[in-house]
Each structure stands twice: as structure tokens, then as C-alpha cells.
Amino acid sequence: MNRKTACLGCDLLIELPCALPFNAKLCCPRCNHTLARGHKNALDYTLAISISCLFLLFISLSFNFLAFESNGQFREIMLIEATKELYIKEFYFLALLVCLLTIVFPILYLLLLLVLLAPIKITTLFKRPLSSTTKKPIYIIRILNKLTPWLMVDVFLIGVLVALIKMWSLATLTFGVSFYSYVAFVMLFSYILYCVDQQKLLKWINNER
């Protein structure tokens, strides 16, 4: 049975099919906002990749991100020190933005996604209807939708790569474990943002997977 929903972009009431084919995408006919995508085993993949992203981000924050040597001077920096250096140079607002958009908001998004999806997976395994284990799931979905435009880990990584290209001829660069784990994190996190949409989350909550 088809369902009706309001487009998040323009509030147009649209009738959605109960299922989408694999790799299909449903867009709003008025504003072209993506309403839903078809994925295979999306719930399992989203849960597994969310846990992997948290693990990779933990590694990225725990080890050296980059080391460079120039004119006999050697220095190693960690990912979190990018925010610290901006703060020391009195770019307080920019330091806050970098910290929120590249670390805090992604962690919050992943944790909320796990809080929402883990009970759904558990109830699916035990073949029981979704109970109050997931508290106020609609509010969690709304928070996830509000956070999505502010998740800019890919923008940060592109900015880092551009800066490294400019520094390549000025210093000897050595990439640390944190750099490679952060690149992997950005790739997996981008895939999560591609997979997850409001309609899919609502469908999982209603046990229509």
C-alpha cells in the first residue's frame, strides 16, 4: 500500500510506493528534493558502517594526523590540534565551527543513528514489534535531518588536501595513521548520508522493512 508524505523541501504532498527497486531514487516533482533511495540490506549496512565510522574517528583523534619537516625542524600534529591552533591564533569562531562541523556533529549524528537503529535491528532479530526501547524516534529523526546539512567532513578533508598540495614543495610530509583512518571515515560517512533518508527511517520504525 502506498503512503503519502510531505516533501521536506517544499511541503508538497507526495504518494510514495511501499518499496523502491535497488539503486532507484525518488525525487520531488516540484523542487527535485530527494525523498527516498532504494538500497539492498540498507539497515544492516547502515548499522555496520555507523559502528565502523565511530571506530575510525576514534583512531583519527588518537594518533598523529600529519608530520612535516622543513629546514631541520620537525613537527607532528593531531587532528584535534587543527582546532587548537585556530583557537591559539584567536580565530575563536572558526575554531568552534571546525570542531563542531568535523568532530562533534558527526559523532552526535552517528550516536543518534545507532540509538535509533539498534533497537530496530534487535526487535527484527527476535521478531517482535518495536516497543518503547527506542524512545521518541520521531524526534531523533528530526534531529538527524537538522544535523545533515552541517556535516562537512568531506569539505574539511578537501581543504586539508588542497593545503597539503601547496605544502608539498615546501616541506617533507609524512602521513600518520590518523590521516588514513580519517580518509576512510569520510568515505564511509558519506555513504551513510547517501543511504539514510527520512522515509527509510520511518519505514524501519514502522517495521515495514
Notebook entry, point to check: In segment 70-103, what count of residues is obtained for those that are surrounded by 13 or more Cβ atoms within 10 Å (Cβ to Cβ) and either farther than 20 Å from Phe175 by Cα or at pLDDT 90 or above (or both)?
Noted result: 13
Check: Only one of Leu147, Leu202, Leu173 is modelled with pLDDT of 90 or more and either in contact with a helix residue (DSSP H, G or I) (Cβ under 9 Å, 6 or more places away or on another chain) or not assigned by TED's automatic domain parsing to the domain that holds Leu97 (or both); which?
Finding: Leu147
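For segment 46-68, what are the residues that are among the aromatic types (Phe, Trp, Tyr) and closer than 14 Å to Leu111 by Cβ?
Phe55, Phe58
Find the residue count for segment 63-100, including only residues that are assigned to a helix (DSSP H, G or I) and either under 22 Å from Ile51 (Cβ atoms) or polar (S, T, N, Q) (or both).
Filtering segment 63-100 for residues assigned to a helix (DSSP H, G or I) gives 81-88, 92-100.
Retained after the next criterion (residues that are either under 22 Å from Ile51 (Cβ atoms) or polar (S, T, N, Q) (or both)): 83.
Matching residues across segment 63-100 total 1.
The values are calculated or read from the model by the stated rules, or taken from the named source; none is laboratory data. Just so it is clear, the structure is predicted and the values come from calculations on it, not from any experiment. So basically every Cβ, Gly included, is an ideal-geometry build from the backbone, and we count neighbours across all protein chains shown.
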